Amino acid sequence: MGNFAKWIGGGLGWVMGGPIGGLLGFVVGSFIDNTTVHTSRYASSPDTTAQGAFGMSLLVLIAAVMKADGKVLRSELDYVKQFFVRQFGTETAKEATILLRDLLNQNIPVRDVCIQISKNMDYPSRLQLLHILFNISNADGVIHQGEFETIERISGYLGIGDSDFLSIKNMFVPETDSAYKILETDRSATDEEIKKAYRKMALRYHPDKVSHLGEDFRKVADEKFKMVSDAYNKIKKERGMK
């Protein structure tokens, strides 16, 4: 069994109550009953509990986005599995996909799920969730309208600020002056204001902000941090900044 065992065996914490618990209870129980690996060997700790809660919340939200247009294509499931393979390895991808398939057959109360997450998860981790949802939806190079609208609703329910939503959106759906929007500024800003904006965003998206989620999810944080740096470097090049 891959790192997915840590997500479960380390302790899922608050996700096993409320609407998320209602969605996961039977599925997780069946998953554990059908595995030969005893997840109890993974001692519960604040970090493993946070990692497990984040992983399960992510799967529920991924399922909600995939169901947005009323149908789930095999190609979409393959894209998600490939994402999991890249981020977490083959075994974890296999196990997470099994759980995801079951979630796709359930009715997901998106608003209630997001409210539960926003009450129990810190803001940097919620930004991480949003980034991953955009990442997966853009896996085929296109974020379909239904998916985008669902992600936008999820962002609002999670309490993500409009400027942060626009910043992450422009990492995947470039608009005019997208580099500036990623840094939450605009072309009228002075060079010093651009530098200040970059320092602010670099701090907000630094991988250390989500270190408690473990190495599994730090890889995605590294990617988000790089996108902020790339946006800054693009502006620097355009302006001839040093």
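The values are calculated or read from the model by the stated rules, or taken from the named source; none is laboratory data. The structure displayed is predicted, hence computed values, not measured ones. For neighbour counting, all protein chains shown are included, and Cβ atoms are generated from backbone atoms with ideal geometry for every residue, glycine included.
Annotation note: Cβ proximity below 8 Å between a residue of the stretch 147-159 that is in contact (Cβ under 8 Å) with a residue 24 or more places away in the chain and a residue that is surrounded by fewer than 18 Cβ atoms within 10 Å (Cβ to Cβ) and not charged (D, E, K, R) (sequence gap 6+ or interchain) occurs for Phe148/Val173; Tyr157/Ile115; Tyr157/Ser118; Leu158/Ser118; Gly159/Ser118; Gly159/Tyr123.
Conditions (1) charged (D, E, K, R); (2) part of a helix (DSSP H, G or I); (3) modelled with pLDDT of 85 or more, marked per residue:
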| residue | (1), (2), (3) |
| --- | --- |
| Val65 | no, yes, yes |
| Val72 | no, no, no |
| Asp112 | yes, yes, yes |
| Gln116 | no, yes, yes |
| Leu129 | no, yes, yes |
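Filtered by the rule that a residue be of a type in the set (Phe, Trp, Tyr) and either surrounded by fewer than 19 Cβ atoms within 10 Å (Cβ to Cβ) or over 19 Å from Leu213 (Cα atoms) (or both), the stretch 71-99 gives Tyr79, Phe83.
For the stretch 194-201, does any single residue satisfy the condition of being under 30 Å from Gly89 (Cα atoms), modelled with pLDDT of 90 or more and part of a helix (DSSP H, G or I)?
Yes, the stretch 194-201 contains at least one residue that is under 30 Å from Gly89 (Cα atoms), modelled with pLDDT of 90 or more and part of a helix (DSSP H, G or I).
Name the residue, out of Ile143, Ile98, Ile108, that is over 19 Å from Phe217 (Cα atoms) and either acidic (Asp, Glu) or free of Cβ contacts under 8 Å to residues at least 60 places away in the same chain (or both). Before you say what the answer is, go through the steps one by one.
On the way: Ile98 fails: either acidic (Asp, Glu) or free of Cβ contacts under 8 Å to residues at least 60 places away in the same chain (or both); Ile108 fails: either acidic (Asp, Glu) or free of Cβ contacts under 8 Å to residues at least 60 places away in the same chain (or both).
Criteria check complete, one pass: Ile143.
In the set (1) in contact (Cβ under 8 Å) with a residue 40 or more places away in the chain; (2) buried (at least 19 other Cβ atoms within 10 Å of the Cβ), the condition left unmet by Phe134 is number (1). What number of residues in the stretch 116-151 are out of contact with any helix residue (DSSP H, G or I) (no Cβ under 6 Å at 6 or more places or on another chain) and β-branched (Val, Ile, Thr)? Looking only at that region, the number is 1.
Just checking, does the stretch 181-200 include any residue being loosely packed, with under 13 Cβ neighbours inside 10 Å and within 27 Å of Val110 (Cα to Cα)?
Here is the first cut: in the stretch 181-200, the residues loosely packed, with under 13 Cβ neighbours inside 10 Å are 186-188, 190, 192, 199.
Subset that is within 27 Å of Val110 (Cα to Cα): none.
No, the stretch 181-200 has no match at all.
Of all positions in the stretch 167-177, none carries a residue that is at pLDDT below 95, under 19 Å from the mean Cα position of the chain (by Cα), over 29 Å from Arg111 (Cα atoms) and not in a loop (DSSP other than H, G, I, E, B). The requirement of being over 23 Å from Leu24 (Cβ atoms), surrounded by fewer than 17 Cβ atoms within 10 Å (Cβ to Cβ) and touching a residue at least 24 places away in the same chain (Cβ under 8 Å) is not satisfied by Ser118. Within the set Thr35, Thr48, the sole residue that is modelled with pLDDT under 55, part of a loop (DSSP other than H, G, I, E, B) and more than 17 Å from Asp112 (Cβ to Cβ) turns out to be Thr35. Sub-8 Å Cβ pairs linking a first residue in the stretch 52-72 that is closer than 17 Å to Ser118 by Cβ and in contact (Cβ under 8 Å) with a residue 12 or more places away in the chain to a second residue that is assigned to a loop (DSSP other than H, G, I, E, B) and of a type outside the set (S, T, N, Q), at least 6 apart or interchain, are Ala53/Leu12; Ala53/Met121; Phe54/Met121; Met56/Leu12; Ser57/Met121; Val60/Ile108; Ala64/Ile108, ordered by first then second residue. Being of a type in the set (Asp, Glu) and surrounded by 15 or more Cβ atoms within 10 Å (Cβ to Cβ) is a property that holds for Asp102. The condition (being part of a helix (DSSP H, G or I), within 24 Å of Gly141 (Cα to Cα) and either touching a Pro at 6+ places or on another chain (Cβ under 6 Å) or modelled with pLDDT of 95 or more (or both)) is satisfied by just one residue among Asp216, Asp222: Asp222.
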